[in-house]
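The structure appears below as structure tokens.
No lab work stands behind these numbers, since they all come straight from the coordinates. Just so you know, these numbers come straight off a predicted model, no measurement behind them.
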Amino acid sequence: MTIREKLKKYDLSDQAIIRHGMLDHIRDYELIGQVNGQLVEQEVRFVFKASIKVEFQNIVEPRHYLLDDRLLDMSRQHESDYPSGFVWGVNYATVYSGWSLIENTLELSELSQQYGFKLYRIEFQTNAYKLGLIFHDVKVELVKETKKTAPQHSV
């Protein structure tokens, strides 16, 4: 299965990234996504093996980037003096407008030659940040699946 096929199996476009970061052994980068369908909600783990470069860039506009800790807690939104800013407490970022896999660039070619194995670049665009990774392979696994119940219609 190609890298692109692995990533498309649980496509994160218009879905959520709920956490990400280097694994304890600092070779691989983990990304946990939430994929919502009409009948099922899935939590998916992506492990980007041999991640040699990670780029993170906040894109929340400075006027919405408030440090008020109440924005970390969704349950406080009902408070009359709740600040108007980016609500960090949602605890996820929406992958919008999506992600792109880049397979051939001069940088990737040079790095692949230096390291002795094929490297790829993936870029995620979310509502809160941009995330770019240069990696060798990806392991994708379903962590949890929850079936949704159909709404009951009254007659």
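Under the criterion of Cα pairs below 8 Å and six or more residues apart, the relative contact order for region 70-109 equals 35 percent. Given 5 Å bins starting at zero, what is the percent of C-alpha pairs of region 3-147 in each, up to the one with the largest pair distance? Going from the shortest bin to the longest, the percentages are 2, 9, 16, 19, 17, 14, 11, 6, 3, 1, 1, 0.
Over region 19-84, what number does the Rg to Rh ratio reach, with both radii from the alpha-carbon atoms and Rh per Kirkwood?
Taking Rh as the inverse mean 1/r over Cα pairs, Rg/Rh reads 1.10.
Computed from Cα atoms, the angle from the helix 106-115 axis to the main principal axis of the chain rounds to 70 degrees.
A full extension of the chain between L39 and L72 corresponds to an added length of 8.9 nm, given 0.36 nm per residue minus the alpha carbon distance.
If the chain between E123 and L101 were fully stretched, how many nm would it gain, using 0.36 nm times the residue separation less the Cα-Cα distance?
Gain in length upon complete extension: 7.3 nm.
Excluding same-chain neighbours fewer than eight residues apart, the lysines reachable from K53 by a Cα-Cα span under 17 Å are K118, K130. For region 17-26, the Karplus equation 6.51 cos²θ - 1.76 cosθ + 1.60, evaluated at θ = phi - 60°, returns couplings of 9, 9, 5, 7, x, 5, 6, 3, 7, 6 Hz by residue, with Gly and Pro reported as x. Structural size metrics of region 72-155, computed from C-alpha coordinates, are Rg and Dmax of 20.6, 68 Å.
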